[in-house]
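Undergrad: Structure provided below as C-alpha cells; questions to follow.
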Amino acid sequence: MGETALRSICDKALAAVDGDQAEAVVIARNAALTRFANAAIHQNVVSREAQLRVRVVRGKRVAMVTTDRLDDEGIRRAASEASELAKLTPENPTFGGLPGDRGLRPAPSAFVERTADATPLDRARAAKQLCDAARTASLSAAGYVSTNVQELAIANSRGVWAYAPATTSDVELAALGDAGSAFAQRLSLDFGTLDVAGCAQEAVEKATAAQKPRDLAPGTHEVILEPYAVRDMISFLGSQLTGLAVEEGRSFVIGKLGQKVTGDVTLVDDPFDPKGLPRAFDLEGQPSERLVLIERGVAKAVVYDSQTAHRTGAKNTGHALPPNPFQPSAPMHLRLEPGGKTREELIKSCKRGVLVTRFWYTRWVHQLRTIVTGMTRDGTFAIEDGQIAYPVKNFRFTQSYHDALGGTLGVGSELALLVPGEQFGLQVSSYRVPALRLAAFTFTGATQY
Amino acid sequence: MLGSVERDLARRALDTARTRGATYADVRFVRRSVEDVLVKNGHLENVDRSDTYGFAVRTIADGAWGFAASPVLTAAEADRVAALAVEVARASALTKREGARLAAVKPVTATYTTPIEIDPWSMSFDSRVTLLLDADAAMKQAQPTLRTTRASYEIWKEEKLFLSSEGADIAQTLYETGASIAAESVGNGEQQIRTYPGSGGRSQNTAGWEYALKWDFVANAPRIAEEAVALLTAQQCPQDIRTSVILSSNQLMLQCHESCGHPIELDRALGTEAAFAGTSFLTTDRLGTFRYGSEHVNIAIDSTRKGGLGTFGYDDEGVPASEGWAVKDGIFVGYLMSRETAASMGKASNGTMRADGWSRLPLIRMTNVSVMPGSAGTLEDLIADTDDGIYMDTNRSWSIDDRRLNFQFGTQVGWQIKNGKRTTMLRNPTYTGITPEFWGSCDAVCSESEWVMWGTPNCGKGQPGQIGHTGHGAAPARFTNVRVGVVS
C-alpha cells in the first residue's frame, strides 16, 4: 500500500479519537502460499489483508478496536468505538501510558521487489521442482512455497511514527518414502535467491537414508541437533527471557542474571542482523535494542515492552509484540552465535549418539525448569564411531532445554535462517541458529515408526 | 445477517470465475466480531474488540484448486479476486496428477442461527466485566499469596454467506461465549497453576452469555485458588509406574481431541497434511475393522448437538450438519470428510470443512467429536470402584506424534486413589501411552450426568495457519495399566 497510504490511515484514526492518548497500527499483507502433497499442488492461496488497530487511553482506562474496514468511515468507526469503550472500562492503575518518540536507528532493508512480484506460476514452478526432485528418488513430496509482502506502520499521539515494509519467501519439503521421511526448509527475503534446489537435495538425500528405521532404546543419549531442532529450543528459552516471565515467576533466569545458567553458548537478540529479518522497532514503534541475553552461558538480560518495563521499573528494550496480555514481549531476532565446527565435524566427534532433524509438537511440561516434551520427526539417526550409522524410529523426549544446553560439546559454524514455525502474514520473528552437539538428551519413549 | 450487497458481489464473483474458465466456484463472505477481556491481579488488563470482514473465492479450473481473498468489498475487487482465484487454480494444474472431484451435495437456500438465551452483544459492557472482577477478587481473597490471578471472557459473533456455482445460498449467524479463571502460585522451587472450568485457554461453547454464568466463578474461585497454593507443597506424582488412571471430563476431552479427533481427519489419512500436521495411524484400510479401543469406547461425530463449538447449520462447502460415529463399540468406523476426500472414498461428505475467517481456505476440522457416556455412574462412584490409582484433573501439557500414536499429557493436579477413596494431592502428574493401547485399556466411562460439552477454541492446523474451534463432550473415564510419572 505504501508509506503514504499507511500514514494517512494512522493520521485519520488518531484525529478521530476522543482520548488522552492514542495509538494506530496498520498491518498490511499480501500473502501467498502454494501447498503440495502426494507430489501435487492441492491448496494454493493468495490473500490481501490489511488491519487497523486503534488503542485509546483515557487516564488509566485503555481499550483497543481492530478493523479491516480502511475507508474513511471504517477508520472513523474504529476510532470512535475504541474511544467509547475506553470510557466504559475500569481503570488499570498499573498502566504506564503510551511510550513516546525515542527516535529510530535505520535498519537494513528487508524488502525485495522480486519477492513482491512473484506470481502464482512462479510458486507453482518451485513446487514442481521440489516434487520432481522427490519423484526422481522414488519419494513422495509434501510442503509449500510461500511469498509474503508485509507492511507495518505505527503512530501514536506522543509523536511515534515507524514504518517498515518487508518481504519473505520460503520453501519447506518433507520427502517421504514407504518407511521414513526427512525435512528441509529454506528462507530468504529474495525469492530470486531462494535455495529451492538446496532444500530439495537436503530432504531427498536424508529421506533416502532414513528408510526402514530400526528400534533404539530410549534413554539419555548424546545428540547432534540440526538447526531445525535447535530453533525449537531457542524459541522456548527465548519466551522465558522476558520481563513478564520474570515478573510472573516462571523464568529460569529469575535471580540468576550474571550467573551461569547453561553451557558455553551465546544467545543474542539482534534486530539489525542483515542476515536475519531486520527491523529497527517493535510493535509499539519503540527502538529495538541489540541485547546479549546469554553470554557464554551466563544470563545477561531479558527483554521488555513499555508496560512490563513500567510495572517493574526496568528499561524498555523495545521488544513489544502486538498487544497481548499473555506474552506482551519477546526477543524477535534471536541468534545463537556460531562455533567453529562444521556439521560433519560435529558428527565425526560423536562416538555414539543420535542425530535429530527436527522436533514436533513440543509443549511445556514445567516452565520454571524449562522442561519440554515432544517428538523427533523426519530424519532421526543413530551415530556410531563418528558416522551416521542407521535410521532409528522416532523418540519422545522430556527434557529441560537449558539443562541440555548446559552440556554443549560443540556448536556448528554455519547458521540457518529460520522462522519460528510456519507463519503467514506478519512475520515478527526470525532465528539464526547452528547445529549443536549436546552431551545428554533424555528420550523418555519411542513411537512405532 | 449479511444481505443483498454481499449476495450481489458473490454472484458477480461466481460469474467472473465461470467466465474465466472455472468449472466450480464458491464464494464466502464472513464478518466476525470478537471481544476479548482480561482481568489480571484485580485490574482490567486488556479490552480488545475486533471486527473483520471480507470474502474469498475458491475455484476449480483445469481440474485444480485456486483460492483468493480480500477485505475490499467492491464490484471491481470481486472481479479481481475471482479472476485471481482462477489464475491460481491454473498454476496449481502444473503439477496435477488427477482432476479434483467433489462428492455430490444438494445445493440449498437456507439460514441458520445459533440458539442463545442471553445475547452478550446486547448487554452492558459493565455487567460482563463485573463477572471477571468478582471472580478475580474471590481468588485473591481466598489466597492472597497467589502470584497471578486471571479472569477472562471472549464473546464472538460470526455472520457468513456462502454461494456456490451449483446454486447454494446459505446465510448463517454463529455465536460463541467462553470464559475462565486461573490462579498461579510460585514458591518452594515450583510454579503451579489451576484453572476453571477447563484448561489453559477458555472453555467455550456456541452459546450466549448464559454459558459464562453457568460456571458460578465466584463460588469456585476459592477452591481453585487454594489448590494452586496447595500444589506448591503437594507430593510429587510417583515416577515411572504403571497404575490405573481416572481422567477428569475436561482432560478426557483433550485426550479425545488429540488421539481421536485428529487421526480421523481424512485429509491426514490421505497424506495431504504430511509435511505439517502429519498423517494418521487410522489409514483407510482400517476403516470398519480396526479396534481403536475397548467396547466401552464410543466416539461420536455430531455437528448438530447444542452448544458444541462444532455446531452449525452447514459447513463451508454447504454440506448440512450431521450425526455419525468415529468409533462404535471400540471399532473405528468413521472419518471427518470434505466433499473432495469423501469422493475419493466413494462416500458423501459429512460436512466438516471450516475456514478460520474470510481469508483462509476451508479445511477438514473436527466438528463435535465426543466420547459418549457409559454406565459407570458419577465420578465419585468411579473413584469408589477403584482400589489403587490416580485421578488426574485439567490439562497442563499435551503432545502427540505426527501419526497420533505416542502421546504424553500432564494435568494441573492429581490425587492418589486408595481403596476407593481420593487421598493425597499430587503435583506435576503426567501420563503417556500409545493411542490404541490406551483406549483399549478403558474399562469404565461415567454416565450421562457427568457428561459435559467442552470447547477447544485454539486448534491449530494448516499452512497458512488456521485456528479452529472444536467441540468435545466427555465424562470421566478410567484406564488401566497406564505409564505415569514421566518427569519429576
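Undergrad: Looking only at region B:363-383, which residues are surrounded by fewer than 24 Cβ atoms within 10 Å (Cβ to Cβ) and either among the charged types (D, E, K, R) or within 14 Å of chain A (Cβ to nearest Cβ) (or both)?
TA: B:363, B:380, B:381
Undergrad: A follow-up question, please. Looking at B:462, B:433, which is the one that is over 25 Å from residue B:197 (Cβ atoms) and free of Cβ contacts under 8 Å to residues at least 60 places away in the same chain?
TA: It is B:433.
Undergrad: Identify the residue in region A:221-249 that is farther than 20 Å from residue A:265 by Cβ and surrounded by fewer than 24 Cβ atoms within 10 Å (Cβ to Cβ) and, among all such residues, is nearest to the chain's Cα centre (by Cα).
TA: A:246
Undergrad: If I filter region B:384-404 down to residues being touching a helix residue (DSSP H, G or I) at 6+ places or on another chain (Cβ under 8 Å) and not in a loop (DSSP other than H, G, I, E, B), which single residue comes out as farthest from the other protein chains (Cβ to nearest Cβ)?
TA: B:391
Undergrad: Collect the residues in region A:178-193 that are within 13 Å of chain B (Cβ to nearest Cβ) and surrounded by fewer than 18 Cβ atoms within 10 Å (Cβ to Cβ), keeping them in residue-number order.
TA: A:178, A:179
Undergrad: Suppose we keep only residues that are more than 8 Å from every other protein chain (Cβ to nearest Cβ) and surrounded by 22 or more Cβ atoms within 10 Å (Cβ to Cβ) within region B:270-280. Which one would you say is nearest to residue A:172 (Cα to Cα)?
TA: Filtering region B:270-280 for residues that are more than 8 Å from every other protein chain (Cβ to nearest Cβ) and surrounded by 22 or more Cβ atoms within 10 Å (Cβ to Cβ), the one nearest to residue A:172 (Cα to Cα) comes out as B:279.
Undergrad: Does region B:405-422 contain at least one residue that is surrounded by 22 or more Cβ atoms within 10 Å (Cβ to Cβ) and not in a strand (DSSP E or B)?
TA: Yes, region B:405-422 has at least one match.
Undergrad: Looking at region B:55-83, which of its residues are at the interface with another protein chain (Cβ under 7 Å from one of its Cβ atoms) and either of a type in the set (S, T, N, Q) or crowded, with 23+ Cβ neighbours inside 10 Å (or both)?
TA: B:64, B:65, B:66, B:67, B:68, B:69, B:70
A quick yes/no check of all residues on (1) touching a residue at least 40 places away in the same chain (Cβ under 8 Å); (2) assigned by TED's automatic domain parsing to the domain that holds residue A:274; (3) assigned to a strand (DSSP E or B); (4) touching a helix residue (DSSP H, G or I) at 6+ places or on another chain (Cβ under 8 Å):
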residue: A:121; (1), (2), (3), (4): no, no, no, yes
residue: A:124; (1), (2), (3), (4): yes, no, no, yes
residue: A:138; (1), (2), (3), (4): no, no, no, no
residue: A:144; (1), (2), (3), (4): yes, no, yes, yes
residue: A:153; (1), (2), (3), (4): yes, no, yes, yes
residue: A:159; (1), (2), (3), (4): yes, no, no, no
residue: A:197; (1), (2), (3), (4): yes, no, no, yes
residue: A:235; (1), (2), (3), (4): yes, yes, no, no
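Undergrad: Tally the residues that are at pLDDT below 95 and either surrounded by fewer than 20 Cβ atoms within 10 Å (Cβ to Cβ) or more than 14 Å from chain A (Cβ to nearest Cβ) (or both), restricting the search to region B:188-198.
TA: 4
Undergrad: In region A:279-380, which strands (runs of 3 or more DSSP E) lie fully inside it and hold 3 or more residues that are within 14 Å of chain B (Cβ to nearest Cβ)?
TA: In region A:279-380, A:352-366 are the strands (runs of 3 or more DSSP E) which contain 3 or more residues that are within 14 Å of chain B (Cβ to nearest Cβ).
Undergrad: Read through the list (1) over 16 Å from residue A:373 (Cα atoms); (2) in contact with a Ser or Thr (Cβ under 9 Å, 6 or more places away or on another chain), then give the number of the only condition that residue A:215 fails.
TA: Here residue A:215 clears every test but (2).
Undergrad: Can you name every residue in region B:90-125 that is under 22 Å from residue B:173 (Cβ atoms), in contact (Cβ under 8 Å) with a residue 40 or more places away in the chain and small (Gly, Ala, Ser)?
TA: Of everything in region B:90-125, just one residue is under 22 Å from residue B:173 (Cβ atoms), in contact (Cβ under 8 Å) with a residue 40 or more places away in the chain and small (Gly, Ala, Ser), namely B:110.
Undergrad: Same structure again: I'm told residue B:97 meets every condition in (1) out of contact with any Asp or Glu (no Cβ under 8 Å at 6 or more places or on another chain); (2) more than 10 Å from chain A (Cβ to nearest Cβ); (3) assigned to a loop (DSSP other than H, G, I, E, B); (4) over 30 Å from residue A:70 (Cα atoms) except one. Can you identify the failing condition by its number?
TA: Residue B:97 satisfies all of (1) out of contact with any Asp or Glu (no Cβ under 8 Å at 6 or more places or on another chain); (2) more than 10 Å from chain A (Cβ to nearest Cβ); (3) assigned to a loop (DSSP other than H, G, I, E, B); (4) over 30 Å from residue A:70 (Cα atoms) except (2).
Undergrad: Identify the residue in region A:129-142 that is under 27 Å from the mean Cα position of the chain (by Cα) and closer than 12 Å to residue A:196 by Cα and, among all such residues, is nearest to the other protein chains (Cβ to nearest Cβ).
TA: Checked region A:129-142; the qualifying residue nearest to the other protein chains (Cβ to nearest Cβ) is A:131.
Undergrad: Another question, then. Among the residues of region B:423-467 satisfying the criterion of being assigned to a helix (DSSP H, G or I) and not polar (S, T, N, Q), which is farthest from residue B:207 (Cα to Cα)?
TA: So the residue we want is B:437.
Undergrad: Let me confirm something: among A:238, A:258, A:249, A:243, which residue is within 30 Å of residue B:187 (Cα to Cα) and at pLDDT below 95?
TA: A:249
Undergrad: Output the residues belonging to region B:390-405 that are in contact with a Ser or Thr (Cβ under 8 Å, 6 or more places away or on another chain) and aromatic (Phe, Trp, Tyr).
TA: Residue satisfying the conditions is B:391 alone.
Undergrad: If you check A:419, A:433, which single one turns out to be touching a Leu at 6+ places or on another chain (Cβ under 9 Å), surrounded by fewer than 23 Cβ atoms within 10 Å (Cβ to Cβ) and under 28 Å from residue A:269 (Cβ atoms)?
TA: Step by step, each of A:419, A:433 is checked, and only A:419 is touching a Leu at 6+ places or on another chain (Cβ under 9 Å), surrounded by fewer than 23 Cβ atoms within 10 Å (Cβ to Cβ) and under 28 Å from residue A:269 (Cβ atoms).
Undergrad: Still on this model: Return yes or no: is residue B:285 assigned by TED's automatic domain parsing to the domain that holds residue B:473 and either outside any helix (DSSP H, G or I) or surrounded by fewer than 24 Cβ atoms within 10 Å (Cβ to Cβ) (or both)?
TA: yes
Undergrad: Additional query: Among the residues of region B:428-458, which ones are closer than 26 Å to residue B:291 by Cα and either hydroxyl-bearing (Ser, Thr, Tyr) or within 14 Å of chain A (Cβ to nearest Cβ) (or both)?
TA: Answer for region B:428-458, where residues must be closer than 26 Å to residue B:291 by Cα and either hydroxyl-bearing (Ser, Thr, Tyr) or within 14 Å of chain A (Cβ to nearest Cβ) (or both): B:430, B:431, B:432, B:433, B:434, B:435, B:436, B:437, B:438, B:441, B:447.
Undergrad: List, please: which pairs have Cβ atoms under 9 Å, are six or more places apart or on different chains, and start with a residue in region B:33-54 that is at the interface with another protein chain (Cβ under 7 Å from one of its Cβ atoms) and buried (at least 21 other Cβ atoms within 10 Å of the Cβ) and end with one that is part of a loop (DSSP other than H, G, I, E, B) and of a type in the set (D, E, K, R)?
TA: What qualifies is B:44/A:91; B:54/A:68.
Undergrad: Would you say residue B:324 is surrounded by fewer than 20 Cβ atoms within 10 Å (Cβ to Cβ), at pLDDT 95 or above, small (Gly, Ala, Ser) and outside any loop (DSSP other than H, G, I, E, B)?
TA: When the stated conditions are applied, residue B:324 passes them.
Undergrad: Quick check: anything in region B:72-82 of a type outside the set (S, T, N, Q) and closer than 28 Å to residue B:321 by Cα?
TA: Scanning region B:72-82, I find at least one residue that is of a type outside the set (S, T, N, Q) and closer than 28 Å to residue B:321 by Cα, so the answer is yes.
Undergrad: Just checking, does region B:149-171 include any residue being more than 25 Å from the chain's Cα centre (by Cα), surrounded by fewer than 20 Cβ atoms within 10 Å (Cβ to Cβ) and within 11 Å of another protein chain (Cβ to nearest Cβ)?
TA: no
The values are calculated or read from the model by the stated rules, or taken from the named source; none is laboratory data. None of these values were measured; they are calculated from a predicted model. As a convention, Cβ positions derive from the backbone with ideal geometry for all residues, glycine included, and neighbour counts pool all protein chains shown.
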